[in-house]
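Reviewing the structure listed below.
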Amino acid sequence: MQAKRIQGMEDLFGSAMHEWQSMKTLAHNLFSTYGFTEIETPALEQVDTFVHGIGQSSDVVRKEMFRVFSGGLLERVFEQGNETGLKAKQRMALRPEGTAGVVRSVVENTLVYPGSSPVKLWYAQPMFRGERPQKGRLRQFHQIGVEFIGTSDARSDAEVILMALEFFLKLGFKKSDLVLRINSMGDTTCRPAYRDKVRSFVLEHKDEMCADCLERAEINPLRTFDCKNAHCKEVMSEAPLVSDNLCEDCSEHYKQVKSYLDAMQVSYVEDPTLVRGLDYYTRTVFEIECPNAGVGALGGGGRYDGLVELCGGKPTPAVGFALGYERIMLAMNALGIEQHDTDDKLIYLACVDASLEPVVFELAQSLREQSLCVEYDYQGRSLKSQFKQADKLQARTCVVVGPDELERGEVLVRDMQTHEQMCVKLENLGQALLGD
Ligand code: HAM
(Lines give C-alpha, C1' and ligand atoms only; values in the text may rest on other atoms or scores of the structure.)
Protein backbone atom coordinates (compact mmCIF):
# COMPACT_ATOMS: atom_id res chain seq x y z
CA MET A 1 0.00 0.00 0.00
CA GLN A 2 1.29 3.44 -0.85
CA ALA A 3 1.14 5.76 2.13
CA LYS A 4 -0.90 8.88 1.41
CA ARG A 5 -1.26 12.19 3.15
CA ILE A 6 -4.60 13.17 4.63
CA GLN A 7 -6.77 15.27 2.33
CA GLY A 8 -6.53 18.95 3.16
CA MET A 9 -3.15 18.53 4.85
CA GLU A 10 -0.13 19.41 2.75
CA ASP A 11 3.59 18.70 2.88
CA LEU A 12 5.64 21.85 3.12
CA PHE A 13 8.99 21.63 1.32
CA GLY A 14 11.04 23.28 -1.41
CA SER A 15 9.73 26.65 -2.56
CA ALA A 16 6.62 26.46 -0.32
CA MET A 17 8.83 25.96 2.74
CA HIS A 18 11.09 28.76 1.52
CA GLU A 19 8.08 31.08 1.19
CA TRP A 20 6.78 30.10 4.63
CA GLN A 21 10.22 30.76 6.14
CA SER A 22 10.53 34.15 4.49
CA MET A 23 7.02 35.10 5.63
CA LYS A 24 8.06 34.22 9.18
CA THR A 25 11.22 36.32 8.81
CA LEU A 26 9.11 39.22 7.56
CA ALA A 27 6.75 38.76 10.53
CA HIS A 28 9.69 38.74 12.93
CA ASN A 29 11.26 41.86 11.40
CA LEU A 30 8.03 43.83 11.09
CA PHE A 31 6.31 42.87 14.32
CA SER A 32 9.42 43.47 16.41
CA THR A 33 9.38 47.11 15.31
CA TYR A 34 6.07 47.30 17.20
CA GLY A 35 7.54 45.56 20.27
CA PHE A 36 6.11 42.08 19.68
CA THR A 37 8.03 38.94 20.64
CA GLU A 38 7.42 35.42 19.41
CA ILE A 39 5.50 32.73 21.28
CA GLU A 40 4.97 29.06 20.47
CA THR A 41 2.18 27.19 22.19
CA PRO A 42 1.48 23.43 22.05
CA ALA A 43 -0.50 22.08 19.09
CA LEU A 44 -2.70 20.19 21.59
CA GLU A 45 -4.71 21.92 24.28
CA GLN A 46 -7.48 20.82 26.60
CA VAL A 47 -10.80 20.97 24.76
CA ASP A 48 -12.12 23.36 27.42
CA THR A 49 -9.51 25.96 26.42
CA PHE A 50 -11.20 26.18 23.03
CA VAL A 51 -14.76 25.72 24.25
CA HIS A 52 -14.41 28.57 26.76
CA GLY A 53 -12.29 30.64 24.43
CA ILE A 54 -13.71 30.31 20.94
CA GLY A 55 -17.22 29.59 22.19
CA GLN A 56 -19.58 26.63 22.35
CA SER A 57 -21.78 28.08 19.64
CA SER A 58 -19.07 28.68 17.02
CA ASP A 59 -18.83 26.31 14.02
CA VAL A 60 -15.14 25.88 14.82
CA VAL A 61 -15.94 24.29 18.20
CA ARG A 62 -19.19 22.55 17.24
CA LYS A 63 -18.11 21.00 13.96
CA GLU A 64 -14.45 21.50 13.16
CA MET A 65 -12.27 20.50 16.08
CA PHE A 66 -9.98 17.49 15.68
CA ARG A 67 -10.33 15.62 18.96
CA VAL A 68 -7.43 13.55 20.28
CA PHE A 69 -7.55 10.68 22.78
CA SER A 70 -4.42 8.89 23.85
CA GLY A 71 -4.41 5.06 23.33
CA GLY A 72 -6.32 3.56 26.25
CA LEU A 73 -8.72 6.46 26.53
CA LEU A 74 -9.77 6.08 22.90
CA GLU A 75 -10.85 2.48 23.59
CA ARG A 76 -12.76 3.62 26.64
CA VAL A 77 -14.58 6.30 24.65
CA PHE A 78 -15.41 3.74 21.93
CA GLU A 79 -16.71 1.24 24.45
CA GLN A 80 -18.79 3.79 26.33
CA GLY A 81 -19.95 5.62 23.22
CA ASN A 82 -19.19 8.93 24.94
CA GLU A 83 -16.49 10.64 26.97
CA THR A 84 -18.32 10.90 30.28
CA GLY A 85 -15.96 10.24 33.14
CA LEU A 86 -12.90 11.64 31.37
CA LYS A 87 -11.06 14.33 33.26
CA ALA A 88 -10.66 17.76 31.66
CA LYS A 89 -6.98 17.04 31.05
CA GLN A 90 -7.86 13.84 29.18
CA ARG A 91 -10.07 15.68 26.71
CA MET A 92 -7.76 17.19 24.11
CA ALA A 93 -8.00 18.82 20.70
CA LEU A 94 -5.62 20.08 18.03
CA ARG A 95 -5.70 23.88 18.04
CA PRO A 96 -8.10 25.26 15.42
CA GLU A 97 -6.72 28.79 15.91
CA GLY A 98 -4.04 30.54 17.94
CA THR A 99 -5.74 33.07 20.21
CA ALA A 100 -7.24 30.70 22.79
CA GLY A 101 -3.90 28.92 23.41
CA VAL A 102 -1.93 32.16 23.61
CA VAL A 103 -4.41 33.59 26.11
CA ARG A 104 -4.26 30.35 28.12
CA SER A 105 -0.48 30.68 28.21
CA VAL A 106 -0.59 34.37 29.15
CA VAL A 107 -2.88 33.56 32.09
CA GLU A 108 -1.02 30.44 33.19
CA ASN A 109 2.37 32.18 33.08
CA THR A 110 1.06 35.51 34.44
CA LEU A 111 2.54 37.37 31.50
CA VAL A 112 0.17 40.25 32.18
CA TYR A 113 -1.46 41.38 35.43
CA PRO A 114 -3.40 44.43 36.62
CA GLY A 115 -1.12 47.45 36.41
CA SER A 116 1.48 45.73 34.19
CA SER A 117 2.35 46.86 30.68
CA PRO A 118 0.52 45.02 27.93
CA VAL A 119 2.12 41.88 26.53
CA LYS A 120 2.60 41.78 22.76
CA LEU A 121 3.07 38.35 21.21
CA TRP A 122 3.23 36.98 17.68
CA TYR A 123 3.16 33.42 16.39
CA ALA A 124 3.50 31.46 13.18
CA GLN A 125 2.01 28.00 13.65
CA PRO A 126 -0.03 25.31 11.93
CA MET A 127 -3.73 25.20 12.84
CA PHE A 128 -6.17 22.32 12.37
CA ARG A 129 -9.83 22.45 11.40
CA GLY A 130 -11.96 19.51 10.30
CA GLU A 131 -13.39 21.26 7.26
CA ARG A 132 -14.28 19.95 3.80
CA PRO A 133 -11.06 20.67 1.90
CA GLN A 134 -11.33 23.08 -1.01
CA LYS A 135 -9.33 25.95 -2.50
CA GLY A 136 -8.11 28.13 0.36
CA ARG A 137 -9.77 25.89 2.95
CA LEU A 138 -7.52 23.24 4.43
CA ARG A 139 -7.59 20.95 7.42
CA GLN A 140 -4.06 21.88 8.37
CA PHE A 141 -3.10 25.44 7.49
CA HIS A 142 -0.65 28.02 8.77
CA GLN A 143 -1.41 31.27 10.50
CA ILE A 144 0.77 34.22 11.32
CA GLY A 145 -0.89 36.06 14.16
CA VAL A 146 -0.42 38.68 16.84
CA GLU A 147 -2.07 39.16 20.22
CA PHE A 148 -1.80 42.54 22.01
CA ILE A 149 -3.04 41.81 25.53
CA GLY A 150 -3.58 44.30 28.34
CA THR A 151 -5.05 47.49 26.91
CA SER A 152 -8.34 48.73 25.49
CA ASP A 153 -6.68 51.85 24.06
CA ALA A 154 -8.07 52.37 20.55
CA ARG A 155 -4.50 52.97 19.35
CA SER A 156 -3.79 49.26 19.90
CA ASP A 157 -6.70 48.33 17.59
CA ALA A 158 -5.38 50.76 14.97
CA GLU A 159 -1.81 49.51 15.39
CA VAL A 160 -2.64 45.85 14.81
CA ILE A 161 -4.66 46.78 11.72
CA LEU A 162 -1.75 48.87 10.44
CA MET A 163 0.68 46.02 11.13
CA ALA A 164 -1.46 43.59 9.16
CA LEU A 165 -1.73 45.98 6.20
CA GLU A 166 1.99 46.72 6.28
CA PHE A 167 2.68 42.99 6.24
CA PHE A 168 0.78 42.69 2.95
CA LEU A 169 2.49 45.72 1.42
CA LYS A 170 5.90 44.33 2.34
CA LEU A 171 4.96 41.07 0.63
CA GLY A 172 4.38 43.04 -2.57
CA PHE A 173 0.61 43.64 -2.51
CA LYS A 174 -0.52 47.09 -3.60
CA LYS A 175 -2.96 49.05 -1.45
CA SER A 176 -5.46 48.79 -4.30
CA ASP A 177 -5.28 44.94 -4.18
CA LEU A 178 -6.71 44.87 -0.68
CA VAL A 179 -9.98 45.69 1.02
CA LEU A 180 -10.09 46.27 4.76
CA ARG A 181 -13.54 45.75 6.28
CA ILE A 182 -14.19 46.90 9.82
CA ASN A 183 -17.06 46.88 12.28
CA SER A 184 -17.73 47.12 15.99
CA MET A 185 -19.63 44.22 17.54
CA GLY A 186 -20.41 45.97 20.82
CA ASP A 187 -19.69 44.54 24.24
CA THR A 188 -21.45 42.86 27.15
CA THR A 189 -23.43 46.05 27.77
CA CYS A 190 -25.00 46.45 24.35
CA ARG A 191 -24.59 43.14 22.52
CA PRO A 192 -27.04 40.90 24.44
CA ALA A 193 -29.97 43.20 23.61
CA TYR A 194 -28.81 43.42 19.98
CA ARG A 195 -28.53 39.63 19.72
CA ASP A 196 -32.09 39.33 20.98
CA LYS A 197 -33.25 41.84 18.37
CA VAL A 198 -31.58 39.85 15.60
CA ARG A 199 -33.00 36.59 16.95
CA SER A 200 -36.52 38.06 17.00
CA PHE A 201 -36.03 39.42 13.47
CA VAL A 202 -34.95 35.99 12.15
CA LEU A 203 -37.84 34.24 13.90
CA GLU A 204 -40.28 36.80 12.48
CA HIS A 205 -38.98 35.81 9.03
CA LYS A 206 -38.62 32.13 9.78
CA ASP A 207 -40.63 31.03 6.73
CA GLU A 208 -38.14 32.78 4.46
CA MET A 209 -34.89 31.59 6.06
CA CYS A 210 -32.94 28.34 5.61
CA ALA A 211 -32.80 25.65 8.29
CA ASP A 212 -29.20 26.58 9.20
CA CYS A 213 -30.23 30.17 9.89
CA LEU A 214 -33.06 29.01 12.14
CA GLU A 215 -30.56 26.91 14.08
CA ARG A 216 -28.17 29.88 14.22
CA ALA A 217 -31.00 32.09 15.50
CA GLU A 218 -31.19 29.84 18.56
CA ILE A 219 -27.47 29.34 19.17
CA ASN A 220 -25.74 32.46 17.80
CA PRO A 221 -28.14 34.80 15.98
CA LEU A 222 -25.41 37.16 14.68
CA ARG A 223 -24.01 34.35 12.51
CA THR A 224 -27.15 34.57 10.35
CA PHE A 225 -25.45 37.58 8.70
CA ASP A 226 -22.86 35.13 7.34
CA CYS A 227 -25.30 32.82 5.54
CA LYS A 228 -24.31 32.30 1.89
CA ASN A 229 -27.91 31.56 0.80
CA ALA A 230 -29.00 34.40 -1.53
CA HIS A 231 -32.53 34.61 -0.13
CA CYS A 232 -31.35 34.65 3.51
CA LYS A 233 -28.93 37.43 2.52
CA GLU A 234 -31.79 39.43 1.05
CA VAL A 235 -33.90 39.00 4.18
CA MET A 236 -30.95 39.87 6.44
CA SER A 237 -30.34 43.10 4.53
CA GLU A 238 -33.37 44.44 6.42
CA ALA A 239 -32.21 43.16 9.84
CA PRO A 240 -31.31 45.60 12.66
CA LEU A 241 -27.68 46.73 12.36
CA VAL A 242 -25.18 46.65 15.19
CA SER A 243 -24.03 50.19 14.33
CA ASP A 244 -27.48 51.45 15.40
CA ASN A 245 -27.33 49.47 18.62
CA LEU A 246 -23.94 50.27 20.17
CA CYS A 247 -23.78 51.68 23.69
CA GLU A 248 -22.10 55.04 24.16
CA ASP A 249 -18.70 53.58 25.20
CA CYS A 250 -18.53 51.17 22.27
CA SER A 251 -19.62 53.87 19.88
CA GLU A 252 -16.90 56.20 21.20
CA HIS A 253 -14.25 53.46 21.02
CA TYR A 254 -15.19 52.65 17.42
CA LYS A 255 -15.03 56.34 16.54
CA GLN A 256 -11.52 56.57 18.00
CA VAL A 257 -10.28 53.50 16.12
CA LYS A 258 -11.54 55.03 12.88
CA SER A 259 -9.94 58.37 13.69
CA TYR A 260 -6.52 56.70 14.13
CA LEU A 261 -6.95 54.86 10.83
CA ASP A 262 -7.99 58.12 9.17
CA ALA A 263 -4.91 59.84 10.58
CA MET A 264 -2.79 57.23 8.77
CA GLN A 265 -4.84 57.61 5.56
CA VAL A 266 -5.94 53.99 5.69
CA SER A 267 -8.96 53.26 3.52
CA TYR A 268 -11.54 50.92 4.94
CA VAL A 269 -15.08 49.79 4.32
CA GLU A 270 -17.41 49.90 7.28
CA ASP A 271 -19.45 46.71 7.18
CA PRO A 272 -22.06 46.52 9.95
CA THR A 273 -22.77 42.89 8.99
CA LEU A 274 -19.19 41.75 9.64
CA VAL A 275 -19.56 39.44 12.65
CA ARG A 276 -16.61 36.94 12.42
CA GLY A 277 -16.92 33.27 13.22
CA LEU A 278 -15.46 33.10 16.72
CA ASP A 279 -17.50 34.03 19.77
CA TYR A 280 -14.86 35.90 21.75
CA TYR A 281 -14.97 39.18 19.84
CA THR A 282 -16.07 42.44 21.41
CA ARG A 283 -16.00 45.87 19.80
CA THR A 284 -13.58 46.16 16.85
CA VAL A 285 -13.56 43.37 14.26
CA PHE A 286 -11.87 43.45 10.86
CA GLU A 287 -11.04 41.36 7.84
CA ILE A 288 -8.62 41.87 4.98
CA GLU A 289 -9.64 40.61 1.58
CA CYS A 290 -8.12 40.52 -1.85
CA PRO A 291 -11.21 40.64 -4.09
CA ASN A 292 -9.36 39.60 -7.27
CA ALA A 293 -7.93 36.46 -5.69
CA GLY A 294 -11.20 34.66 -4.99
CA VAL A 295 -9.94 32.84 -1.88
CA GLY A 296 -11.95 34.47 0.90
CA ALA A 297 -10.45 36.57 3.68
CA LEU A 298 -6.65 36.57 3.80
CA GLY A 299 -6.78 37.52 7.44
CA GLY A 300 -8.97 38.75 10.21
CA GLY A 301 -9.07 39.69 13.81
CA GLY A 302 -10.46 41.98 16.41
CA ARG A 303 -10.82 42.85 20.05
CA TYR A 304 -11.61 40.22 22.67
CA ASP A 305 -11.92 42.00 25.99
CA GLY A 306 -13.61 39.13 27.87
CA LEU A 307 -11.36 36.21 26.91
CA VAL A 308 -8.59 36.51 29.48
CA GLU A 309 -11.17 36.47 32.28
CA LEU A 310 -12.96 33.50 30.68
CA CYS A 311 -9.62 31.64 30.77
CA GLY A 312 -9.23 32.27 34.50
CA GLY A 313 -7.31 35.56 34.45
CA LYS A 314 -8.23 38.98 35.75
CA PRO A 315 -10.37 41.13 33.41
CA THR A 316 -7.88 42.15 30.69
CA PRO A 317 -8.74 43.72 27.35
CA ALA A 318 -6.95 42.52 24.21
CA VAL A 319 -6.87 42.71 20.44
CA GLY A 320 -5.19 40.67 17.68
CA PHE A 321 -5.36 39.12 14.23
CA ALA A 322 -4.28 36.11 12.23
CA LEU A 323 -3.34 35.87 8.56
CA GLY A 324 -3.59 32.63 6.55
CA TYR A 325 -0.31 31.70 4.83
CA GLU A 326 -1.89 29.39 2.22
CA ARG A 327 -4.52 31.94 1.20
CA ILE A 328 -1.89 34.66 0.96
CA MET A 329 0.18 32.45 -1.38
CA LEU A 330 -2.92 31.73 -3.52
CA ALA A 331 -3.62 35.46 -3.72
CA MET A 332 0.01 36.26 -4.59
CA ASN A 333 -0.05 33.68 -7.37
CA ALA A 334 -3.40 34.96 -8.67
CA LEU A 335 -2.06 38.51 -8.76
CA GLY A 336 1.36 37.52 -10.13
CA ILE A 337 3.18 38.88 -7.07
CA GLU A 338 6.59 37.28 -6.76
CA GLN A 339 8.34 36.88 -3.47
CA HIS A 340 11.43 39.05 -3.86
CA ASP A 341 13.42 37.08 -1.46
CA THR A 342 15.85 34.97 -3.51
CA ASP A 343 18.55 32.90 -1.89
CA ASP A 344 21.11 35.64 -2.41
CA LYS A 345 23.48 34.23 0.18
CA LEU A 346 24.14 30.97 -1.60
CA ILE A 347 27.63 30.16 -2.88
CA TYR A 348 27.85 27.44 -5.55
CA LEU A 349 31.09 25.51 -5.92
CA ALA A 350 31.56 24.33 -9.50
CA CYS A 351 34.10 21.56 -10.13
CA VAL A 352 35.97 21.59 -13.46
CA ASP A 353 37.38 18.09 -13.16
CA ALA A 354 36.12 15.01 -11.25
CA SER A 355 39.60 14.54 -9.77
CA LEU A 356 39.06 17.80 -7.84
CA GLU A 357 35.89 16.59 -6.04
CA PRO A 358 37.80 16.03 -2.74
CA VAL A 359 39.07 19.64 -2.96
CA VAL A 360 35.50 20.91 -3.45
CA PHE A 361 34.36 18.83 -0.48
CA GLU A 362 37.01 20.33 1.80
CA LEU A 363 36.50 23.85 0.49
CA ALA A 364 32.73 23.59 1.11
CA GLN A 365 33.37 22.52 4.70
CA SER A 366 35.79 25.35 5.36
CA LEU A 367 33.40 27.98 3.91
CA ARG A 368 30.46 26.59 5.89
CA GLU A 369 32.57 26.89 9.04
CA GLN A 370 32.70 30.59 8.20
CA SER A 371 28.83 30.62 8.14
CA LEU A 372 28.56 30.78 4.36
CA CYS A 373 25.76 28.80 2.63
CA VAL A 374 27.37 26.43 0.15
CA GLU A 375 26.04 24.01 -2.46
CA TYR A 376 27.82 21.87 -5.04
CA ASP A 377 27.10 19.06 -7.48
CA TYR A 378 26.95 15.45 -6.24
CA GLN A 379 26.19 13.86 -9.60
CA GLY A 380 29.29 14.39 -11.73
CA ARG A 381 27.52 16.91 -14.00
CA SER A 382 29.32 18.84 -16.75
CA LEU A 383 30.52 22.35 -15.93
CA LYS A 384 27.71 23.82 -18.06
CA SER A 385 25.09 21.84 -16.10
CA GLN A 386 26.66 22.95 -12.86
CA PHE A 387 26.29 26.60 -13.91
CA LYS A 388 22.65 25.90 -14.80
CA GLN A 389 22.15 24.32 -11.38
CA ALA A 390 23.73 27.39 -9.73
CA ASP A 391 21.27 29.60 -11.63
CA LYS A 392 18.34 27.41 -10.64
CA LEU A 393 19.34 27.63 -7.00
CA GLN A 394 19.63 31.42 -7.41
CA ALA A 395 23.18 31.36 -6.10
CA ARG A 396 24.75 34.76 -5.62
CA THR A 397 28.26 33.60 -6.46
CA CYS A 398 29.79 30.67 -8.25
CA VAL A 399 33.27 29.57 -7.22
CA VAL A 400 34.94 27.58 -10.03
CA VAL A 401 37.52 25.08 -8.84
CA GLY A 402 39.83 24.27 -11.76
CA PRO A 403 43.29 22.64 -12.04
CA ASP A 404 45.14 25.65 -13.52
CA GLU A 405 43.93 28.11 -10.87
CA LEU A 406 44.50 25.56 -8.10
CA GLU A 407 48.11 25.20 -9.13
CA ARG A 408 48.49 28.92 -8.35
CA GLY A 409 46.61 28.43 -5.07
CA GLU A 410 43.55 30.28 -6.48
CA VAL A 411 39.93 29.76 -7.58
CA LEU A 412 37.77 31.71 -10.01
CA VAL A 413 34.95 33.68 -8.35
CA ARG A 414 32.04 34.58 -10.61
CA ASP A 415 29.24 37.01 -9.67
CA MET A 416 26.08 35.33 -10.96
CA GLN A 417 24.23 38.60 -11.52
CA THR A 418 26.88 40.78 -13.21
CA HIS A 419 28.87 37.78 -14.59
CA GLU A 420 32.06 39.57 -13.54
CA GLN A 421 34.79 37.17 -12.49
CA MET A 422 38.18 37.29 -10.85
CA CYS A 423 40.78 34.98 -9.36
CA VAL A 424 41.01 34.90 -5.57
CA LYS A 425 43.71 33.28 -3.41
CA LEU A 426 42.29 30.31 -1.49
CA GLU A 427 43.41 31.73 1.85
CA ASN A 428 41.42 34.95 1.13
CA LEU A 429 38.31 33.26 -0.29
CA GLY A 430 36.14 33.22 2.85
CA GLN A 431 36.85 36.87 3.56
CA ALA A 432 36.19 37.85 -0.05
CA LEU A 433 32.84 36.03 -0.09
CA LEU A 434 31.79 37.35 3.32
CA GLY A 435 32.65 40.87 2.22
CA ASP A 436 30.42 40.69 -0.88
P1 HAM B 1 -9.97 33.35 11.52
O2 HAM B 1 -10.70 34.37 10.74
O3 HAM B 1 -10.72 32.13 11.91
O4 HAM B 1 -9.42 34.09 12.81
O5 HAM B 1 -8.67 32.90 10.73
C6 HAM B 1 -7.73 33.84 10.27
C7 HAM B 1 -7.28 33.49 8.86
O8 HAM B 1 -6.81 32.14 8.81
C9 HAM B 1 -8.38 33.54 7.82
O10 HAM B 1 -8.61 34.85 7.37
C11 HAM B 1 -7.79 32.66 6.72
O12 HAM B 1 -6.87 33.39 5.94
C13 HAM B 1 -7.04 31.60 7.52
N14 HAM B 1 -7.86 30.38 7.62
C15 HAM B 1 -8.86 30.13 8.49
N16 HAM B 1 -9.36 28.89 8.28
C17 HAM B 1 -8.66 28.35 7.26
C18 HAM B 1 -8.67 27.09 6.58
N19 HAM B 1 -9.51 26.11 6.93
N20 HAM B 1 -7.79 26.89 5.56
C21 HAM B 1 -6.91 27.86 5.21
N22 HAM B 1 -6.84 29.06 5.82
C23 HAM B 1 -7.70 29.31 6.83
C24 HAM B 1 -8.71 33.48 13.79
O25 HAM B 1 -8.25 32.37 13.71
C26 HAM B 1 -8.48 34.35 14.99
N27 HAM B 1 -7.73 33.57 15.99
C28 HAM B 1 -7.75 35.62 14.63
C29 HAM B 1 -7.50 36.50 15.81
C30 HAM B 1 -6.33 36.62 16.49
N31 HAM B 1 -8.40 37.28 16.40
C32 HAM B 1 -7.83 37.90 17.42
N33 HAM B 1 -6.59 37.48 17.51
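The values are calculated or read from the model by the stated rules, or taken from the named source; none is laboratory data. As the structure is a computational prediction, the values presented were derived from the model and not from experiment. When we count neighbours, we look across all protein chains shown, and the Cβ atoms used for this are built from the backbone with ideal geometry, even at glycine. The protein model used for the area step is the full one, side chains on, heavy atoms only, and it has no ligands, DNA or RNA in it. Shrake-Rupley method; radii C 1.70, N 1.55, O 1.52, S 1.80 Å.
Figures for the structure shown
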| item | result |
| --- | --- |
| Label point at Arg137 placed 7 Å out along Cα→Cβ; residues across the stretch 95-116 whose backbone nitrogen lies under 20 Å | 95-98 |
| Modelled label reach - Leu434, point 7 Å along Cα→Cβ, the stretch 360-374 residues with backbone N closer than 19 Å | 362-374 |
| Overall form of the stretch 151-225 per C-alpha gyration tensor (a/c, 1.5; a/b vs b/c) | oblate |
| Percent antiparallel among DSSP beta bridges (both partners in the stretch 302-435, rounded to 5) | 55 |
| Portion, in percent, of the accessible area of the chain that falls on carbon or sulfur, probe 1.4 Å | 49 |
| For the chain, built as a Gaussian network whose Cα springs stay under 10 Å, the top-fluctuating residue of Glu218, Glu238, Glu407 | Glu407 |
| Mean accessible surface per residue for the chain, computed with a 1.4 Å probe while every protein chain stays in place, in Å² | 51 |
| The stretch 333-402 - share of DSSP beta bridges that are antiparallel (%, nearest 5) | 0 |
| Percent of beta bridges antiparallel (DSSP, the chain, rounded to nearest 5) | 80 |
| Gaussian network model of the chain, Cα within-10 Å springs - most flexible of Pro358, Pro221, Pro315 | Pro358 |
| Cα gyration tensor of the stretch 237-319 - equivalent ellipsoid semi-axes, whole Å, descending | 23, 17, 15 |
| For the stretch 363-412: span of alpha carbons on each principal axis (Å, largest first) | 30, 26, 19 |
| Nonlocal amide H pairs with Gly172, under 5 Å, H built at 1.01 Å | none |
| Span-like helix ranges in the chain, DSSP H, alpha carbon extent 20 angstrom or more, Kyte mean at least -1.0 | 14-32, 154-171 |
| Net charge of neighbours whose Cβ lies under 13 Å from the Cβ of Glu427, counting Lys and Arg as +1 and Asp and Glu as -1 | +1 |
| Rg in Å to one decimal, and Dmax rounded to a whole Å, for the stretch 69-125 via C-alpha atoms | 16.6, 50 |
| Using a Förster distance of 30 Å, the FRET efficiency for Glu204-Ser267 (Cβ separation, nearest 0.05) | 0.25 |
| Calculated log₁₀ intensity ratio I(q)/I(0) where the Debye formula runs over C-alpha points of the stretch 1-156, q = 0.11, 0.14, 0.18 Å⁻¹ | -0.55, -0.86, -1.24 |
| Unmatched cysteines, the chain - criterion: no other Cβ of a Cys under 4.7 angstrom | Cys210, Cys213, Cys250, Cys290, Cys311, Cys351, Cys373, Cys398, Cys423 |
| Cβ-defined net charge surrounding Tyr254, 14 Å radius [Lys, Arg +1; Asp, Glu -1] | -4 |
| Mean-position separation - Cα centroids, the stretch 375-424 and the stretch 181-260, in angstrom | 64 |
| Ser117 paired with Gln90, simple spin-label distance in nm, labels 7 Å along Cα-to-beta-carbon | 4.5 |
| Neighbour net charge for Thr33 - beta-carbon separation under 15 angstrom, K R +1, D E -1 | -1 |
| Label-to-label distance, nm, for residues given as Gln256 and Lys314 (7 Å Cα→Cβ offset) | 2.0 |
| Stokes-Einstein D for the chain, Kirkwood Rh over Cα pairs, 37 °C, 0.692 mPa s (µm²/s) | 131 |
| Cα principal axis extents for the stretch 83-169, largest first, Å | 43, 37, 17 |
| Cross-link partners of Lys24 among lysines (Cα-Cα below 24 Å; sequence separation of 8 or more within a chain) | Lys120, Lys135, Lys170, Lys174, Lys175, Lys345, Lys392 |
| Using a Förster distance of 35 Å, the FRET efficiency for Glu362-Leu44 (Cβ separation, nearest 0.05) | 0.15 |
| Under Karplus coefficients 6.51, -1.76 and 1.60, residue-wise ³J(HN,Hα) of the stretch 57-65 in Hz, glycine/proline x | 8, 6, 4, 4, 7, 6, 10, 10, 7 |
